[in-house]
Amino acid sequence: MSEILESNEEGIKRASEIIRAGGIVAFPTETVYGLGANGLNDTAVIKIFETKGRPADNPLILHIAKKTDLDKIAKSYPAYVKLLIDKFWPGPLSIIVEAKSEIPSAVTAGLKTVAVRMPSHKIARDFIEACGVPIAAPSANISGRPSPTCFDDVCFDLSPKDVPIIKGKPTDIGIESTVVLCTSYPPVILRPGKITREDIARVVGDCNLDIKPKKKPLSPGQKYGHYMAKKPTVLFDMSPKDTDEYIDKHNLNGIYILSKENKPRENSIVLGDYDDADVASRDFFHALRVADTMDGDMIFVQAYSKDGIGLALFERMTKSAKHRILEDKNEDWIW
Ligand code: TXA
Ligand code: MG
């Protein structure tokens with residue numbers, strides 16, 4: 001059973017004591033819940049990997065409470081990084097820069113670089129501040145599962161592991177931060193998020209995107225199974241109308257995660273308007289977890305518009321479907 005800590009001064013004080021004693025604590029952020037440890041303590045950081053079952057070669061993000069703390073972690077970075085943090089911190093942007101040699105290799109997974117983020121969530125920042133050290137934190141799920149976006153989802157994954165949890169509200173954004181490599185110009189987005197390539201390019205002039213699956217990705221996390229429900233999941237990358245036609249034509253029975261524009265069905269979860277990727281992003285991971293508890297052997301997901309955060313949502317949906325994606329309504333149904 002987990003120790004449940006309230007989002008108040010007393011809860012945060014207790015959480016910071018656990019961290020300073022080398023323990024781990026789950027906490028809310030504006031993106032998803034994180035599983036934190038003292039980012040300067042190798043042994044504490046290793047507990048995160050053991051608890052999540054996370055591969056050791058997948059590096060962690062260090063979370064800080066003040067912009068100036070970046071200079072305690074980064075060895076060096078290009079001048080444009082200042083522009084990025086002035087514009088987007090605190091917020092859902094993780095910046096990869098060259099790491100100082102004292103950053104534990106458990107955090108960097110042996111890379112010369114380190115990812116740093118300053119969250120905008122008040123409880124998250126109060127917690128980091130109270131700890132007095134950078135907090136290494138991946139999403140607070142068991143590896144491979146959807147990231148937890150509410151207290152109950154964190155409990156589901158981490159209560160069996162007795163991990164203390166700071167109880168907060170459901171998260172606002174619902175998918176993880178944009179991860180951007182800032183070791184040369186232009187910066188390169190390795191994981192899309194709420195802050196888009198256009199947002200970054202507007203501030204620094206240019207920005208590339210490198211999110212296509214490949215054998216040796218720059219971001220080690222990109223090569224593992226991610227965001228998966230327990231049930232097999234199929235993604236319909238077509239209009240709601242074509243998805244409806246396809247489901248009816250092939251008589252596909254299961255659980256449906258749909259938009260308001262889809263035909264209403266029993267056994268479905270409706271995320272919202274097809275064009276409102278913000279709302280769908282906020283609720284998608286939780287919907288996958290709910291779908292696992294519903295009757296049915298398979299999950300059928302409607303893809304959303306790819307504008308803005310929609311690209312990030314599409315990337316998460318693609319991974320949750322393990323690339324089982326239907327793009328053409330005339331494609332055969334082969335399982
Ligand atoms: O919103 C978020 O970013 C959440 C909250 C808790 O802050 N955290 C999060 O952490 O999503 P995690 O560990 O689940 O994802 C971090 C991603 C992984 O894909 C990892 O491979 C990549 O960032 N990453 C971290 N450090 C890196 C580095 N030095 N070089 C390349 N990729 C890195
Ligand atoms: Mg994660």
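The values are calculated or read from the model by the stated rules, or taken from the named source; none is laboratory data. Note that the structure is predicted; figures quoted are calculated from it, not measured. As a convention, Cβ positions derive from the backbone with ideal geometry for all residues, glycine included, and neighbour counts pool all protein chains shown. Side chains are part of the model used for accessible areas, which takes the heavy atoms of the whole protein and leaves out ligands, DNA and RNA. Shrake-Rupley method; radii C 1.70, N 1.55, O 1.52, S 1.80 Å.
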Residue within region 95-103 that is assigned to a helix (DSSP H, G or I) and surrounded by 20 or more Cβ atoms within 10 Å (Cβ to Cβ) present: no
Residue identified as of a type in the set (Val, Ile, Thr) and in contact with a helix residue (DSSP H, G or I) (Cβ under 9 Å, 6 or more places away or on another chain) among 114, 188, 154: 114
Test: residue 167 is touching a Leu at 6+ places or on another chain (Cβ under 7 Å) and away from ligand 1 (no atom under 15 Å from the Cβ): yes
Any pair with Cβ under 8 angstrom, 6 or more apart, that starts in region 278-304 at a residue that is farther than 23 Å from residue 245 by Cα and ends at one that is of a type in the set (Phe, Trp, Tyr) and in a helix (DSSP H, G or I): 289/156
Filtered residue count, region 106-156, keeping only those that are under 26 Å from residue 317 (Cβ atoms), more than 16 Å from ligand 2 (Cβ to nearest atom) and touching a strand residue (DSSP E or B) at 6+ places or on another chain (Cβ under 7 Å): 2
Unmet requirement for residue 82, which otherwise passes all of (1) free of Cβ contacts under 8 Å to residues at least 40 places away in the same chain; (2) touching a Ser or Thr at 6+ places or on another chain (Cβ under 9 Å): (2)
Test set (1) more than 16 Å from ligand 2 (Cβ to nearest atom); (2) open to solvent by less than 20 Å² (accessible area, probe 1.4 Å) - residue 162 fails condition number: (2)
Restricting region 116-171 to residues that are hydroxyl-bearing (Ser, Thr, Tyr) and assigned to a loop (DSSP other than H, G, I, E, B), the residue that is nearest to residue 92 (Cα to Cα): 120
Only listed residue being under 22 Å from residue 285 (Cβ atoms) and under 15 Å from the mean Cα position of the chain (by Cα), chosen from 146, 160: 146
Residue ID - nearest to residue 195 (Cα to Cα), chosen from residues in region 104-120 that are crowded, with 22+ Cβ neighbours inside 10 Å and more than 15 Å from the chain's Cα centre (by Cα): 114
All positions within region 256-291 that are within 26 Å of residue 154 (Cβ to Cβ) and charged (D, E, K, R): 276, 278, 282, 283, 289
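Yes/no matrix, rows are residues, columns are (1) closer than 30 Å to residue 334 by Cα; (2) among the hydroxyl-bearing types (Ser, Thr, Tyr):
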position: 171; (1), (2): no, yes
position: 174; (1), (2): no, no
position: 181; (1), (2): no, no
position: 199; (1), (2): no, no
position: 205; (1), (2): no, no
position: 234; (1), (2): yes, no
position: 248; (1), (2): yes, no
position: 262; (1), (2): yes, no
position: 270; (1), (2): yes, no
